[in-house]
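In what follows, a structure is listed as structure tokens, so that the remarks can point back to it.
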Amino acid sequence: MSLSTTDIIKEQYINNLKNLLIENDNSTSNTNNEIIDEDFYEWEIDDFENFIDNADDMESPEFNICKHKWNLLLYSYFGSFIIYLQNKDIKNYNDNICTKLIFSFRNYKDPSRYKTFISSIYCFSNTNYDYYSGYKNEIYEDQYIELIKPLIEDNKIAIGVYIQVYKNNKIENYLNNLRNLIKDEDDYYDVKGENYYEWAIENWGEIEKSSGLSPNFNIDGHEWKISLYPNEAGFVKIELDNFNSYRLKDNEYFYINYTFVIRNSNDFTCYKAKSSTSLKRFSKKEDKIVVEKFIESKDLYNKDEDTNKSLVEYNKAVLGVYIRIYDSEQKVNKKLTNLLKSLIKPEENYKIKEENYFEWRIDDWEKLKNCWEYSPEFNIGGYEWYIRLNPNYNDFVHLRLEIRYSFNSKENESVYANCVLVIHNISDISCFEAKVSSTMKAFNYNDWSIDFSKFIKRENLYINKDNSDKPLVQNNKIAIGAYVRVYEKL
């Protein structure tokens with residue numbers, strides 16, 4: 001059966017899209033990626049002009065090409081619109097689909113009339129599960145009027161996507177390099193989840209005018225967004241925002257390590273990466289990480305000696321982040337807690353209501369000023385407690401255990417408790433210094449702390465302990481703990 005003229009023109013149109021990708025690969029020296037599958041999908045949309053004129057969104061039917069499930073999402077605003085390609089079947093954190101694609105907007109009657117937008121090489125992962133997520137291309141109002149609107153007929157348009165899927169060997173090497181930049185120097189927390197997300201910036205010049213926001217993305221159940229400032233006083237500034245922190249309770253928190261990266265849009269070997277030097281905490285009041293000077297803005301355009309490419313090339317770049325999230329509960333050593341527990345003497349006429357251990361990890365010891373610092377709050381015995389620290393109080397480390405005493409409490413009410421405070425090496429709990437309160441304390445409205453004003457000489461923090469070959473402060477890190485026993489009268 002012979003093809004109709006319309007079918008022949010449409011087949012030529014699809015081949016033209018494929019050839020445009022090949023030409024783009026040749027012009028950008030992207031010729032070493034092995035294509036393992038490729039295919040085309042098209043979606044015809046009615047009432048398109050009205051959609052653009054109103055802030056709205058619409059989804060295509062789900063479609064299967066290149067052995068994966070996908071859909072297209074459109075979002076319109078003020079005469080502009082965004083088109084997303086979303087993957088629907090990546091489940092595991094370490095699964096990735098390395099792609100290059102071309103969006104096409106054509107007259108629905110005439111396949112010879114069309115306009116295309118070619119993507120960067122883009123890595124899909126299971127981070128793209130927010131509604132407005134996935135590979136994103138933004139069509140600004142002037143582009144829409146000049147390029148897309150002339151193709152609309154009868155208020156209709158056909159939107160197509162031609163996808164090429166590459167073999168994953170290059171993306172895996174790249175991701176392994178980013179993972180390895182994160183240094184887990186100790187076994188203090190269990191890794192809860194980790195993943196990589198990237199944002200293809202297809203119009204760097206537009207973002208360079210002020211700033212840009214990535215689509216939302218999800219890693220280990222947390223929603224994130226990246227803000228990019230291409231030129232803040234001559235430097236690239238990057239912010240990572242967490243959207244779940246406001247839901248945390250006052251005494252809840254979690255830690256992450258990260259690697260930020262900017263790479264060439266067509267080459268996984270041409271990139272600039274910067275990793276966290278210590279764990280970063282997120283809490284209700286700590287919902288953001290800011291990297292002020294990621295790279296000098298002018299260096300984005302310098303050609304790399306090995307690849308002869310720059311980070312920003314053809315007005316494009318890709319910004320990525322690899323995030324490793326840790327369990328909020330530290331691995332508390334039972335041997336240490338049992339030892340601390342044994343230091344507290346039993347109290348007659350009182351029974352133990354609850355006893356537990358809390359630990360406060362400090363990763364930037366030398367940045368602490370000679371003033372009071374406060375640990376996160378923790379709950380033992382139904383009461384909120386915190387550790388108060390002055391790192392250099394008359395050449396001593398000054399520690400206090402304090403209760404968060406309610407101003408609604410009556411003046412004659414007391415909370416009976418005892419504690420052991422401890423400082424230990426972050427990776428060796430046999431290297432520690434502990435102090436125990438000599439007697440049970442009645443915490444009340446006028447007296448709410450157990451105080452160790454001369455816990456240890458500051459200089460002794462840096463000297464190897466007698467029973468260890470390590471000092472308390474190592475690699476600018478230290479752990480401070482409190483074993484608290486709360487009593488009630490018999």
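Table for the structure above
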{"item": "Inter-residue pairs, beta-carbon under 6 Å, first free of Cβ contacts under 8 Å to residues at least 60 places away in the same chain and in the stretch 467-480, second of a type in the set (Phe, Trp, Tyr) and open to solvent by 50 Å² or more (accessible area, probe 1.4 Å), 6+ apart", "result": "471/462"}
{"item": "Hey, residue 369 over 26 Å from the mean Cα position of the chain (by Cα), assigned to a loop (DSSP other than H, G, I, E, B) and over 25 Å from residue 431 (Cβ atoms) or not", "result": "yes"}
{"item": "Tally, over the stretch 273-330, of residues that are over 27 Å from residue 223 (Cα atoms), open to solvent by 90 Å² or more (accessible area, probe 1.4 Å) and not in a loop (DSSP other than H, G, I, E, B)", "result": "2"}
{"item": "Some residue of the stretch 414-427 being modelled with pLDDT under 85, part of a loop (DSSP other than H, G, I, E, B), in contact with an Asp or Glu (Cβ under 7 Å, 6 or more places away or on another chain) and surrounded by fewer than 17 Cβ atoms within 10 Å (Cβ to Cβ)", "result": "yes"}
{"item": "Flag for residue 472 being in a loop (DSSP other than H, G, I, E, B) and either of a type in the set (A, V, I, L, M, F, W, C) or at positive phi (or both)", "result": "yes"}
{"item": "Qualifying position, being of a type outside the set (D, E, K, R), assigned by the TED database to the domain that holds residue 215 and under 15 Å from the mean Cα position of the chain (by Cα), among 291, 236", "result": "291"}
{"item": "Close pairs (6 angstrom Cβ cut-off, 6 or more residues apart or separate chains): not assigned by the TED database to the domain that holds residue 113 in the stretch 5-25, assigned to a helix (DSSP H, G or I) anywhere", "result": "none"}
{"item": "Unmet criterion (only one of (1) farther than 26 Å from residue 242 by Cα; (2) without any contact (Cβ under 8 Å) to a residue 24 or more places away in the chain) for residue 167", "result": "(2)"}
{"item": "Hey, residue 112 in a loop (DSSP other than H, G, I, E, B), open to solvent by less than 10 Å² (accessible area, probe 1.4 Å) and more than 21 Å from residue 266 (Cβ to Cβ) or not", "result": "no"}
{"item": "Residue, modelled with the lowest pLDDT, within the stretch 428-447, restricted to residues that are assigned to a strand (DSSP E or B) and within 26 Å of residue 349 (Cα to Cα)", "result": "444"}
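The values are calculated or read from the model by the stated rules, or taken from the named source; none is laboratory data. Predicted model only: the values in this text are computed from it and were never measured. With ideal geometry, Cβ positions are generated from the backbone for all residues, glycine too; neighbour counts draw on all protein chains shown. Protein only, heavy atoms only, side chains kept; ligands, DNA and RNA dropped before computing areas. Shrake-Rupley method; radii C 1.70, N 1.55, O 1.52, S 1.80 Å.
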